[in-house]
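Undergrad: Take this structure, written in structure tokens, and hold onto it; I'll ask about it next.
What follows is calculated from the coordinates using simple rules that are stated; it is not laboratory data. Only a predicted model underlies this, so the values are computations on that prediction, with no experimental measurement involved. Please note: Cβ atoms are built from the backbone with ideal geometry, for glycine as well, and neighbour counts cover all protein chains shown.
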Amino acid sequence: QADQSISFQAMRGKLQDFMKIIRDDPAVDNVTGFTGGSRVNSGMMFITLKPRDERSETAQQIIDRLRVKLAKEPGANLFLMAVQDIRVGGRQSNASYQYTLLSDDLAALREWEPKIRKKLATLPELADVNSDQQDNGAEMNLVYDRDTMARLGIDVQAANSLLNNAFGQRQISTIYQPMNQYKVVMEVDPRYTQDISALEKMFVINNEGKAIPLSYFAKWQPANAPLSVNHQGLSAASTISFNLPTGKSLSDASAAIDRAMTQLGVPSTVRGSFAGTAQVFQETMNSQVILIIAAIATVYIVLGILYESYVHPLTILSTLPSAGVGALLALELFNAPFSLIALIGIMLLIGIVKKNAIMMVDFALEAQRHGNLTPQEAIFQACLLRFRPIMMTTLAALFGALPLVLSGGDGSELRQPLGITIVGGLVMSQLLTLYTTPVVYLFFDRLRLRFSRKPKQTVTE
């Protein structure tokens with residue numbers, strides 16, 4: 001993205017300079033770029049990396065290296081982002097995540113958007129901060145002196161036709177061929193469109209047939225104008241896009257943006273909200289606690305009905321904290337972000353790790369109720385007889401998730417957090433629940449007996 005007043009030819013040269021730097025990188029296989037779309041000052045490149053087995057670096061590491069090289073190239077900014085396997089809605093932007101500012105007052109939006117963008121650019125949790133607000137485009141205001149035009153015998157329509165024929169790309173004819181047809185467009189030679197001095201060389205024919213210079217009756221001066229004004233619903237909108245630096249998660253970036261908006265004291269006329277993938281992640285994080293509580297409550301009700309007990313479902317649910325701690329420690333150990341995929345892994349753990357305690361508690365309750373064993377003997381026998389199936393099921397789930405952790409192919413960055421959370425949660429749960437479940441079982445059984453004893457009634461004569 002270059003300055004808003006840049007020409008198409010200059011933008012094409014900048015794009016070629018960037019493409020040469022990227023093409024020289026040893027990890028890059030091919031680069032394709034184009035410009036001249038809806039905005040002259042922007043372009044797009046598609047960078048194809050070499051196969052994963054031919055390079056030792058991940059896509060994010062290559063982006064970090066190229067970002068340093070490309071920052072030294074003057075005249076334009078290049079924003080790099082890896083193609084996401086999961087992208088949910090949002091506007092087309094120069095980065096992976098989006099934060100949209102809305103306002104019913106366009107002037108307020110133009111005033112506060114640069115302040116917010118500059119503040120967010122200073123945050124270490126964000127990288128490649130940019131905006132789609134383009135309100136500084138170059139234009140030329142041309143004003144007619146009507147009195148002079150009347151004195152010289154020049155019609156306004158004639159002056160407008162001159163400018164339209166020169167710069168308006170007016171279609172004047174169509175050439176028909178047997179297999180195709182071609183539009184004939186009138187315009188000045190392209191070399192005369194690069195300098196404002198071309199206006200001084202233009203002449204208008206007056207009503208007497210004389211050529212009058214345009215500069216005799218017109219004045220022009222440069223001005224700024226928006227290249228486009230985006231809207232969302234009925235409100236003017238400006239989208240700030242950003243990427244995540246290495247080692248930072250989307251939750252860190254979301255919290256940092258919320259703090260920055262509070263510190264700036266943004267008025268109520270300008271409101272901000274996340275869009276696209278960032279919006280889905282924030283909504284998921286906001287409802288995360290409710291979802292987990294609902295899942296645990298459902299499990300408690302089902303287990304309570306099956307075991308006809310109020311307390312022993314809590315014995316089974318006591319295995320969940322160790323699994324959650326193990327998942328978070330594994331993410332920290334592998335320096336993996338707590339992403340939406342990692343959250344899915346933790347939700348899966350809720351269903352996986354309970355099976356250890358279920359197998360022990362189910363056997364212990366059966367032995368205690370029908371085998372006339374004490375609680376201590378019942379849970380001890382459960383640990384001995386259920387150890388083998390517990391290990392078999394845990395190892396089966398563990399080895400099933402290991403390929404997600406060890407995979408190194410294309411797109412492995414998306415899948416790895418899922419495998420890391422499952423493996424970390426299973427390992428920690430397996431190490432602790434074989435020791436903690438019997439203790440918790442006996443504790444809740446004694447608690448049940450204490451509250452189920454009826455107080456002795458004294459008989460008086």
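Undergrad: Only counting other Cβ atoms within 10 Å, I'd like H312, H231, H370 sorted with the fewest neighbours first. Can you show the working numbers first?
TA: Details: H312 23, H231 11, H370 8.
Ranking H312, H231, H370 by Cβ neighbours within 10 Å, fewest first, gives H370, H231, H312.
Undergrad: Per DSSP helix of 4 or more residues, -39500 (n - 2.57); summed, then divided by the residues of the chain. What does that give at 222 nm, rounded to the nearest 500? Please report the intermediate quantities before stating the final value.
TA: Working: 14 runs with 231 residues, N = 461.
Rounded to the nearest 500, the figure is -16500 deg cm²/dmol.
Undergrad: Same structure again: Restricted to Cα positions, what overall size does the chain have along the principal axes? Three whole-Å values, descending.
TA: Principal axes ranked by extent give 135, 66, 48 Å for the Cα atoms.
Undergrad: For the range 137-225, list log₁₀ I(q)/I(0) at each q in 0.10, 0.22, 0.23 Å⁻¹, using the Debye formula over Cα point scatterers of equal strength and ignoring solvent, two decimals each.
TA: -0.34, -1.13, -1.20
Undergrad: What do you get for the angle between helix 412-452 and the principal long axis of the chain? Use alpha-carbon atoms, 0 to 90 degrees, nearest ten.
TA: The angle comes out at about 30 degrees.
Undergrad: What's the ranking of 210-220, 419-429 by average number of surrounding C-beta atoms within 10 Å, highest first?
TA: 419-429, 210-220
Undergrad: Here's a follow-up. Go through F167, L199, Q177 and say which Cα lies farthest out towards the positive end of the charge dipole of the range 137-225; charges sit on Cβ, +1 for Lys and Arg, -1 for Asp and Glu.
TA: Of the listed residues, the answer is Q177.
Undergrad: Would you mind checking the radius of gyration and Dmax of the range 287-450 based on alpha-carbon positions, in Å?
TA: In Å, with Rg to one decimal and Dmax whole: 17.0, 58.
Undergrad: With 14 Å as the cut-off, how large is the P(r) tail for the range 127-166, expressed as percent of Cα-Cα pairs? Could the numbers behind the result be given before it?
TA: On the way: 520 of 780 pairs.
Cα-Cα pairs of the range 127-166 separated by over 14 Å account for 67 percent.
Undergrad: Also, quick follow-up: Over the Cα atoms of the range 71-212, what radius of gyration and what Dmax do you get, in Å?
TA: Considering the range 71-212 through its Cα atoms, Rg and Dmax are 24.1, 69 Å.
Undergrad: Let me ask another. Taking R0 as 41 Å, what FRET efficiency do you get between N224 and L333 from their Cβ-Cβ distance, rounded to the nearest 0.05?
TA: Details: r = 52 Å, r/R0 = 1.27.
In this case the efficiency is close to 0.20.
Undergrad: If packing is taken as the average number of other Cβ atoms within 10 Å across a peptide's residues, how do 175-183, 9-17 rank, most packed first?
TA: Working: 175-183: 7.6, 9-17: 16.6.
So the peptides 175-183, 9-17, ranked by packing, come out 9-17, 175-183.
Undergrad: Let me ask something else about it. Sort out for me the Cα centre separation of the range 103-171 from the range 201-221, rounded to whole Å.
TA: Cα centres, the range 103-171 to the range 201-221: 25 Å.
Undergrad: Report, in degrees rounded to the nearest 10, the 0 to 90 angle that the Cα long axis of helix 8-23 makes with the longest principal axis of the chain.
TA: Between the helix axis and the principal axis of the chain, the angle is about 40 degrees.
Undergrad: Ranked highest first by average number of other Cβ atoms within 10 Å, how do 332-338, 144-150 line up?
TA: Ranked from most to least packed, the peptides come out as 332-338, 144-150.
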